[in-house]
Structure formats: structure tokens, C-alpha cells
Amino acid sequence: MHTLPALPYGYEALEPHIDRLTVELHYSKHHQTYCDKLNAGIAGTEFESLSLIDLVSQTKTLPESVQTIVRNHGGGLLNHNIYRETMKPGGSTPSSNLQEIIAKTFGSWEEFKTQFTTKAVAVFGSGWTRLEKEGDSLIITNYPQQENPLMNGKQPILGVDVREHAYYLKCQNRRPEYLENWWSLINRDKVEQHINA
């Protein structure tokens, strides 16, 4: 059985950038539901003993009857796990090593932030924008619904949920405002760990 990871901060800890009620509902309702539906969907199958990473990585090779469950609910669980662990109250400053890694591809941290935000604003409807690693290259990609880079042989590094439930209570339809708030919370140490994994 897959479990919902403990929230690494209190519901109110991301204020004023993300409000307490949004964090609580997003975690205890949406995130929990992905976990519950994944467990229900693979219960009694040979796939229930796989780790979440292995399960999501194998999505395209799974039987068709399981693929949709894993794509939607396994992807949703993993996407939200990464989203939560790459945020922390007050954020953090990128190390000189992380700045150098990002600068090799994007020119600077600020240019990376600009490119990432532009892609995230452009997501039509529901989905994610991600920094991911493909081989030794870093790229920014938009994904619909709950797809995850592991499903395409890439490594997720950082991702932002641009589904309205992630920001509507505080920002209503103002996605750029939400994104600017989100950047203030990035746990750059965790981003660097993911790049170096």
C-alpha cells in the first residue's frame, strides 16, 4: 500500500505566499485522493508491491487496464510528493553550485525563472510545468493532467501544479501571481539534490 507522505511543514507555514486553507485542502483532499485511488486501483494485482517510482516509470508497459490508474493517480501522488518537498517556508538561496548548473543551460537563475514562469502561465487548463533532466540536459516541459517525466524516461527535478485548486482560494484566476508567490518558497537544496541524483 502506498501512503501519503507527511507534510513537511504545517498548513499555515507557507503563508503569506500560499494560504493555510489551500495547503490543507490540496494536501488532505486532493493529494490523499490520488493515494487512495491508486491503492484501490492496483489492489490484488502484481503491481501493488512496486515502489511508486518503479510503478510510474513503467506506466507505458503496464496492461491497459492499469495504465490509466497509474497515469492519473500514481502520477498525481508522485507529482504532489515532489511539489511539496521542493517547497519550504521562506524558500532558500541557490548554492553557487546550483546557480552554475542552471546557468549552463539557461544563462542565470533569473533567466531560468523567467522561462519556467512563461511556460507555466501558458499551460492550457490543468497540468504541470517541470524542470526535468533528460540524459545530462535540463529542459522545461509542460505536462497535461498528472503525467510525470518518469513516464517518458526523464527525471523530474522541480514542478509546479497549475491546476486551479492549487491557487484559486487566494489568487482566483491570477496564475502569474500564484507563480510569483511559489518562487518565494522553492527549496533550492532539494532541487539540487534532484539534479545530482
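Taken together, the values in this text are just the output of simple stated rules run on the coordinates, not laboratory data. Please read all numbers here as calculations on a predicted model, not as lab measurements. Cβ coordinates were reconstructed from backbone atoms using ideal geometry, including for glycine residues, and neighbour counts include every protein chain displayed.
Listed values, structure above:
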item	result
Long pairs among K113/K154; K119/K154; K37/K113, criterion Cα-Cα beyond 27 Å	K37/K113
Neighbourhood net charge (15 Å Cβ-Cβ; Lys/Arg +1, Asp/Glu -1) for Y168	+1
The chain: C-alpha gyration tensor shape, a/c 1.5 cut-off, then a/b vs b/c	oblate
Trypsin sites (Lys or Arg not before Pro) within region 141-181: DSSP coil, no more than 15 neighbouring Cβ in 10 Å	R174
Of the chymotrypsin sites (Phe, Trp or Tyr not before Pro) in region 98-177, those whose Cβ has at most 12 other Cβ within 10 Å and which sit in DSSP loop	F124
Cα centre as origin, Lys/Arg/Asp/Glu Cβ charges: region 1-123 dipole, Debye	200 debye
Prolate/oblate/rounded call for region 21-77, Cα gyration tensor, a/c under 1.5 rounded	prolate
Length-normalised contact order for the chain - Cα pairs under 8 Å, 6+ apart - percent	26 percent
Of the DSSP H helices in the chain, those whose Cα atoms cover at least 27 Å axially and whose Kyte score averages 0.5 or more	none
Cβ charges +1 (Lys, Arg) and -1 (Asp, Glu), total dipole of region 94-169, debye	60 debye
Cα gyration tensor category, rounded, prolate or oblate, for region 6-110 with a/c compared to 1.5	oblate
